[in-house]
Each structure stands twice: as structure tokens, then as C-alpha cells.
Amino acid sequence: MFHYTVRRLLYAIPTLLLISLILFLLLDLAPGDPTAQLPLTIPPDVKERIRASLGLGEPIHIRYLLWLQQFFVNESLHLISELTGWDISGDRQRVISWQTRSPVVDIVIQRLPQTLWVVGLSYVVGIAIALPIGIISAYRQYSWFDQVGTFVSMVGFSVPTFFTGVLLIVIFSVHLGWLPSIYDTTHVVTDWNSFLFQIRQLLMPVFVLALFNAAQISRFMRASMLDNLNLDYVRTARSKGLAERAVILVHVLRNSMIPVVTVIALGVPSVFGGAIITEQIFKVNGLGQLLIIAIEASDIPMVQTLSFIFAILIVLFNLIADVIYGILDPRIRYD
Amino acid sequence: MRQFKGKAVQLPVSDPTLLEVTELETVFSTRDAQIFAVNSVSFDLKAGEVLGVVGESGSGKSVTMMSLLGLLPSPPARIRNGSVMFSGRELLNMKDAELRKIRGGRIGFIFQDPMTSLNPVFTVGFQLMEPLRRHLGMSRGAARKRAAELLDLVGIPDPAQRLREYPHQFSGGMRQRAMIAIALACEPKLLIADEPTTALDVTIQAQILELVRGLRQKLGMAIIWITHDLGVIAGIADRVMVMYGGQIVESAPVDELFGNPRHPYTKALLATVPSIRGDRADKLSSIEGITPTLTRRPAACAFKPRCRFAFDRCGIELPRRTGLGSGHDVACFLQDGQGATSNV
């Protein structure tokens with residue numbers, strides 16, 4: 001398993017380099033000008049100098065190699081300096097956002113907690129709801145519980161978050177006035193009341209996303225349980241006189257979790273990617289919103305770096321999913 | 001092989017009835033139809049006896065045995081009628097918790113396909129220790145020690161190492177041995193073996209058969225051996241029950257059944273066995289026709305459409321099992337003295 005993991009990590013390097021190149025080329029091909037939003041009173045030659053100062057005058061391969069160096073070498077060195085306190089990065093050029101002129105990675109780190117709180121929490125809540133629903137739905141197939149579960153997941157999966165989000169805001173913020181419609185990221189929890197406020201502002205965005213996640217995962221869980229419930233080994237477990245609970249929650253569940261865990265692990269990168277639409281609706285200034293704004297402003301370094309970080313996470317969690325797969329299923333050995 | 005728990009069990013000679021099944025009826029209800037899978041099945045089994053159950057696929061052999069211990073999924077299966085007395089206790093209306101103590105504790109099961117009967121994600125040791133811990137309340141250490149003994153008993157070498165392995169690391173024969181070890185873990189009074197050798201190749205079949213025969217000598221348990229292989233039955237059973245269309249059509253001691261079969265179906269079944277003596281047949285003989293679908297409760301002889309000797313009465317009345325003496329009984333009008341001829 002260890003050798004397999006190391007080998008996969010090494011394979012990831014060319015994969016990621018290729019992804020970064022494709023991202024870079026795509027962004028370069030895309031129309032848009034970082035100076036487009038500057039006031040029209042700025043004369044064209046000044047604009048041209050601004051563009052040159054952003055490095056746009058260089059040929060494409062130079063720009064790509066510079067980005068590679070900035071992201072892989074300079075940012076890494078900077079990170080090590082930050083963590084250890086040694087000054088090894090010097091004044092090396094970091095990846096700088098064209099909008100804010102501050103390092104992209106710093107902005108990402110600022111935005112990360114909001115995204116993890118809202119989107120991460122909703123993912124955890126979604127899984128926590130989905131697994132029991134999936135298990136019970138499968139065990140009591142076609143019961144009223146299963147029928148209701150099927151209906152709710154169909155709704156949760158097919159109604160987009162921009163609809164449920166707005167619907168909830170209209171009901172709970174506009175008409176009832178119970179919950180805030182905007183997620184206040186500057187809110188600090190200091191006492192009981194501020195904690196309650198934090199819960200209240202988390203409620204709607206977390207619910208919207210959790211419903212969507214739970215709908216998907218509970219379907220997977222149910223299907224996977226159903227695949228296993230009628231297999232011979234379940235009959236064997238019963239013939240041994242095991243309690244029904246042990247049969248389902250030990251024998252069937254362990255087998256059913258194998259594909260579901262993979263689905264869950266593969267979904268984690270999308271948590272970091274932020275829920276772009278939901279973050280917009282509830283004004284959560286997380287990573288999804290950061291990406292949208294960067295795209296609108298043609299902030300190429302920001303878009304490039306952010307997309308590339310997502311790519312790293314996707315490759316990483318693919319690997320994690322495979323490793324978990326191997327742990328859960330002894331028939332799969334990678335060495 | 002080591003002595004089982006150090007005590008020698010005498011083969012019982014004349015024992016009280018261990019299992020008594022009367023008028024068992026099992027129905028499967030689907031949306032479109034009802035399938036009458038088991039119809040008025042009655043039989044009994046003495047302690048230490050080996051009962052062979054033969055019949056084609058779909059004759060209700062497995063369903064009957066599953067019904068005894070509530071192992072059929074319900075719905076769709078439902079036991080409509082009947083009584084199952086095991087060691088003097090009625091199983092059919094027993095509480096689930098009580099029944100579970102008997103399953104695996106007093107009655108062990110072996111299933112047909114050892115490839116799929118073991119859970120692929122748990123070690124053989126874990127699966128073997130489960131009944132020990134549950135029924136005998138053993139500690140983890142004691143269960144592990146006993147599990148190793150059991151693997152040794154069923155002839156698996158290096159048991160301590162094998163306990164840590166997963167089913168996919170076992171060969172088919174080894175897996176069936178492991179299944180037998182699981183079934184025997186709590187020293188059951190009765191072992192129900194549902195076509196345990198069907199999925200194995202012939203040499204392994206013989207090994208498993210020999211193993212079970214040896215274990216029976218050692219442990220003195222009763223066995224119900226379900227199969228469609230008459231050769232296997234001849235080698236292991238004391239008594240044979242022939243099933244057709246969810247009913248028992250003939251039942252007799254093994255020598256009597258092979259020497260003096262009375263039901264046309266039994267005769268046809270025996271005729272399909274290729275003989276190694278005598279003239280070589282040009283082709284394998286078979287019984288013409290297909291097994292009945294059982295969507296109605298049988299009101300006539302189920303074998304009639306395929307029976308060479310059928311006459312009018314077979315189509316309007318259900319033949320009852322009639323004793324012919326020396327433990328031989330048969331459900332056929334040809335045999336009860338009221339049919340056309342009593343000697344076919």
C-alpha cells in the first residue's frame with residue numbers, strides 16, 4: 001500500500017504539470033483584459049504600460065514558466081519561512097493578484113475558513129443525514145419511509161440550490177424574519193448569544209447545501225445496500241444466529257460502504273471549491289465567490305492559481321479514495 | 001485429526017425424534033402470482049440420522065429447509081401452515097430472539113456456493129468466531145483458540161495463520177471447509193447442508209463428503225443433506241426423501257429406495273444416472289418435460305404431465321403418501337392398490 005501510494009504521488013506530478021499548462025493556455029486564449037475595468041480617462045499608452053507591468057508583454061512560455069516558478073518554488077519557500085520563522089524566501093516574487101496586488105495564496109487562506117465552515121459543515125451534515133436514510137430505505141425497501149426518502153432526494157437533487165436558497169430567504173428572512181439572509185463573515189463568537197447568531201446565520205446555507213449532498217449520497221447508499229442485502233453471505237450471517245442489527249450494520253454495511261466512501265472522498269474537493277452559487281446567494285465570501293470575482297475581473301493569476309489548487313485537491317482525493325477502497329476491501333491490494 | 005474437544009461421541013443407535021415437521025406449507029406472494037413452493041411437507045428425523053433430500057431444481061428442497069428456521073425473506077415468503085418441532089420445541093411461532101439461539105447454535109447451515117457464502121471483507125477468523133462469541137459467550141482469546149481447533153478439525157492446515165486470511169485467499173474447497181467449520185462451531189444437533197458439494201469439482205466433492213461423514217461419526221449430529229446428485233446421497237444418507245413440485249413423493253431407507261423405487265419420478269431419476277457397468281448408453285437419459293410452476297395449490301399429482309404411467313385419476317385427485325412397510329412410503333395411485341396396476 002505504501003509503495004502504491006508513493007508511486008501514485010509520483011505519477012501525480014506530470015499529471016498536475018499538464019493540468020497547469022492546459023489551464024494556463026485556456027486562460028490565455030480566453031478574451032478579456034485586466035485593464036478593461038479601469039476608468040476610460042486613463043490614456044491608452046498608460047494602459048499599455050500597466051499591461052506591461054503585469055507581465056503581459058512577455059511571450060507565453062516565459063509567462064508560464066514564471067508562474068510555475070512563482071507557485072512551486074517561491075510560494076513553497078515562503079510557506080516554509082512562515083512556518084519555521086527562518087528567512088529563506090528572501091524577496092522572491094510571489095503569485096500576485098492583479099486586482100488587489102496582494103499574494104494570491106494569502107487571499108485564499110483568508111477565504112478558506114468561511115468556505116470550510118459553510119460548505120464543509122453542510123457536507124458533513126449531508127453525509128450524516130444521508131447514510132442512515134440510505135441504510136433504512138434499503139432495508140425497508142418500498143416502505144413509506146423509503147417512498148418519502150425517494151421523493152425528498154429526488155426533490156433535493158433536481159431542484160437547484162439557487163432556487164431553494166432564494167426560497168428559504170423569502171420565507172425565513174423576508175416573511176418570517178427569523179434568520180439573517182446574509183452570512184456575516186466578520187461575526188466573532190464570544191459568548192452564548194453570538195454563538196446562537198452564528199448558528200442562525202449558518203442554518204439556511206448549510207441546509208440548502210446539505211439537502212443537495214444528502215440527496216445524492218443517500219441514493220448511492222441505498223443502491224449499494226440493496227446490491228448487498230440479497231447476497232449469499234447475508235444469509236450465512238443470519239444462519240449463524242446473528243442479531244439482525246449485526247447482520248445489517250456489520251456484514252452488509254461494511255460491504256456497502258466501499259463504493260459510497262469513494263463517492264464521498266471524491267466529493268471533498270468540491271467542498272474546497274466552494275459552492276459558487278450558494279456562496280453568492282448568501283453572500284458568503286468564500287473561495288467560490290473569490291473565483292467568480294476573479295473571473296469577472298480577468299484576474300488571471302488568481303483564476304490560474306485557484307483552479308490549480310482545486311486540481312491538486314481532486315488528484316489528491318482521488319488517491320485518498322483509492323487508498324480507502326483498498327483498506328475497506330481486502331480483495332484489492334495494490335502492491 | 002485432533003479429537004473434537006477431547007470427548008468421543010457415541011453414534012446414537014435408537015434415539016428420540018430430533019426434528020418433526022408436519023404439514024409445512026410455504027407460499028411466495030409476488031405482485032402477479034402466488035407460488036406454492038412447499039405443500040404439506042411432513043417428515044421427521046432422529047438424532048444422529050442422515051436424511052438425504054433429492055429433487056430437481058425448483059422442487060422445494062431448499063425452501064423447505066429455509067422455512068424451518070425462518071431464513072426466507074418475508075415478504076415475499078410466508079409460512080401458511082404447519083408445525084416444526086425441534087427437540088420438543090415449536091420453531092414456527094418462536095420469538096426471533098429465541099430462534100436466533102437455535103440458528104447457528106443448535107442447527108448449523110452449509111450453503112451451496114462457498115465462493116459467495118462467506119463475507120469477502122472480513123477474515124475467516126472473524127466469521128468463524130462470531131457464532132462462538134454469540135452462542136457460547138466466549139472471550140475473544142478463547143474464541144480464537146477454538147476457531148483454530150475448528151479449522152484443524154475440518155482439515156485446514158496451519159489454522160492459526162489461516163484465521164487471519166480473507167475468503168478470497170482460500171480455494172473453493174477450503175472455503176467450503178471453512179463454512180463447515182462455521183456451521184459446526186457450536187456443536188449443533190443438526191446440520192443442514194444445502195447442496196454443499198454442487199459448486200465444487202469432483203475430487204473436492206469427494207473430500208468434503210468424506211469430511212462430513214467423518215465429522216458425523218465424531219460429533220453424532222443429525223444431517224439433512226440436500227442435493228440433486230443421487231451418487232452423493234447413496235454415499236452418505238440413512239434415509240432418502242424425494243421431492244417434486246414442493247411435495248414429498250417418496251421416502252425410504254437408502255438401500256430400499258435405490259433397490260426398490262416405487263414412484264415413477266424416483267424411477268426416472270434413478271434412470272438418469274449413467275451407469276459404469278453394463279452397456280454404454282448412446283446418450284444420457286433425461287426426464288422429458290419441465291418442472292411445474294406451482295402457481296396453484298396442487299389438486300392433482302404434480303408429476304402427471306411428465307409421467308409415463310399417468311391415468312385419469314392422477315389428473316383429478318392428489319395422491320397421499322401411503323406406507324409400504326419398512327419405513328417406505330410413496331405418494332402415487334399406482335402403489336396404493338386402487339390404481340390400475342400395482343406393479344409398474
Inset, instruction - List, in order, the whole-Hz ³J(HN,Hα) value for each residue of region B:191-200 obtained from phi through the Karplus relation with A = 6.51, B = -1.76, C = 1.60 and θ = phi - 60°; use x for Gly and Pro. - result: 10, 9, 10, 9, 6, x, 10, 4, 8, 9
Inset, instruction - Assuming R0 = 41 Å, can you tell me the calculated FRET efficiency for the pair A:ILE22 and A:GLN110, based on Cβ-Cβ distance, to the nearest 0.05? - result: 0.90
Inset, instruction - Would you mind checking B:LYS95/B:LYS189; B:LYS61/B:LYS189; A:LYS240/B:LYS189; B:LYS46/B:LYS189; B:LYS61/B:LYS218 for any pair whose Cα atoms are more than 18 angstrom apart? - result: B:LYS95/B:LYS189; B:LYS61/B:LYS189; B:LYS61/B:LYS218
Inset, instruction - Indicate the residues belonging to region A:247-276 that lose 50 Å² or more of solvent-accessible heavy-atom surface (probe 1.4 Å) upon moving from the chain alone to the assembly of all protein chains, ignoring ligands and nucleic acids. - result: A:HIS251, A:ARG254
Inset, instruction - For chain B, build the charge dipole from Cβ charges (+1 Lys, Arg; -1 Asp, Glu) around the Cα centre, then report which of B:THR197, B:ALA185, B:VAL21 sits farthest towards its positive end. - result: B:ALA185
Inset, instruction - Return the residues of region A:294-335 for which accessible area with all protein chains present is lower than in the chain on its own by 40 Å² or more; set the probe to 1.4 Å and exclude ligands, DNA and RNA. - result: A:PRO330, A:ARG331
Legend entry - chain A, relative contact order [Cα under 8 Å, separation at least 6], %: 26 percent
Legend entry - Vicinal HN-Hα couplings computed from phi for region B:149-160 (Karplus, 6.51 cos²θ - 1.76 cosθ + 1.60; Hz; Gly/Pro x): 4, 5, 4, 5, 4, 8, x, 9, x, 6, x, 4
Inset, instruction - Show A:TRP192, A:TRP117 ordered by accessible area, largest first, where the area counts protein heavy atoms only and the probe is 1.4 Å. - result: A:TRP192, A:TRP117
Inset, instruction - Give the shape of the protein assembly as shown as rounded, prolate or oblate, defined through the alpha-carbon gyration tensor: a ≥ b ≥ c are the square roots of its eigenvalues, a/c under 1.5 means rounded, and otherwise the shape is prolate if a/b is larger than b/c and oblate if not. - result: prolate
Legend entry - Charge tally in the Cβ shell below 11 Å around B:VAL50, where Lys, Arg are +1 and Asp, Glu are -1, B:VAL50 excluded: +2
Legend entry - Estimated FRET transfer efficiency (B:ALA97, B:GLN34; beta-carbon r; R0 35 Å; 0.05): 0.70
Inset, instruction - Kindly report the accessible area of the protein assembly as shown per residue (heavy atoms of protein chains, probe 1.4 Å, no ligands, DNA or RNA), in Å². - result: 50 Å²
Legend entry - Spin-label model distance (nm) - A:GLU244 vs B:ARG320, 7 Å beyond Cα toward Cβ: 3.9 nm
Inset, instruction - Calculate what fraction, in whole %, of the accessible area of the protein assembly as shown sits on carbon and sulfur atoms when a 1.4 Å probe is rolled over the protein chains. - result: 61 percent
Inset, instruction - Classify chain B as rounded, prolate or oblate, taking a ≥ b ≥ c as the square roots of the eigenvalues of its Cα gyration tensor: rounded when a/c is under 1.5, otherwise prolate if a/b is larger than b/c and oblate if not. - result: prolate
Legend entry - Cα→Cβ-extended label distance, 7 Å offset, between A:ILE13 and B:MET85, nm: 7.9 nm
Inset, instruction - Please identify, among A:SER158, A:SER181, A:SER122, the residue showing maximal mean-square fluctuation in a Gaussian network model of chain A using a 10 angstrom Cα cutoff. - result: A:SER158
Inset, instruction - Go through region A:227-241 and flag every residue whose accessible area shrinks by 30 Å² or more with all protein chains in place compared to the isolated chain (probe 1.4 Å). - result: A:ASP232, A:TYR233, A:ARG235, A:THR236, A:ARG238, A:SER239, A:LYS240, A:GLY241
Inset, instruction - Please list A:HIS61, A:HIS175, B:HIS263, A:HIS78 in order of solvent-accessible area, largest first, computed with a 1.4 Å probe with all protein chains present. - result: A:HIS175, A:HIS61, A:HIS78, B:HIS263
Inset, instruction - Round to the nearest 10 and report in Å² the accessible area of B:GLU165, as given by a 1.4 Å probe over the protein chains' heavy atoms. - result: 30 Å²
Inset, instruction - Provide the buried accessible surface between chains A and B in square angstrom, both chains summed, 1.4 Å probe, rounded to the nearest 100. - result: 2000 Å²
Legend entry - Selection from B:HIS263, B:PRO253, B:LEU45, by position along the positive dipole direction of chain B (Cβ): B:LEU45
Legend entry - Unmatched cysteines, the protein assembly as shown - criterion: no other Cβ of a Cys under 4.7 angstrom: B:CYS186, B:CYS307, B:CYS332
Legend entry - B:VAL240 long-range amide H proximity, modeled H, under 5 Å: B:GLY52, B:ALA252, B:VAL254
Legend entry - Choice from B:ALA300, B:ALA160, B:ALA33 with maximal GNM fluctuation in chain B (Cα, 10 Å cutoff): B:ALA33
Legend entry - Label-to-label distance, nm, for residues given as B:SER74 and A:HIS187 (7 Å Cα→Cβ offset): 5.4 nm
Legend entry - Under the Karplus curve 6.51 cos²θ - 1.76 cosθ + 1.60, θ = phi - 60°, whole-Hz ³J(HN,Hα) for region B:249-254, x wherever Gly or Pro sits: 9, 7, 9, 6, x, 4
Legend entry - Within a Gaussian network of chain A (alpha carbon springs, distance under 10 Å), most fluctuating of A:ASP45, A:ASP299, A:ASP28: A:ASP45
Inset, instruction - List the aspartates and glutamates whose Cα lies under 20 Å from the Cα of A:LYS283, skipping any in the same chain that are fewer than 8 positions away. - result: A:ASP184, A:GLU296
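The values are calculated or read from the model by the stated rules, or taken from the named source; none is laboratory data. As the structure is a prediction and not an experimental result, all values here were calculated from the model. Cβ: placed from backbone, ideal geometry, glycine included. Neighbour counts: every protein chain shown. Ligands, DNA and RNA are stripped out before the accessible areas are found, and what is left, the full protein with its side chains, is counted by its heavy atoms. Shrake-Rupley method; radii C 1.70, N 1.55, O 1.52, S 1.80 Å.
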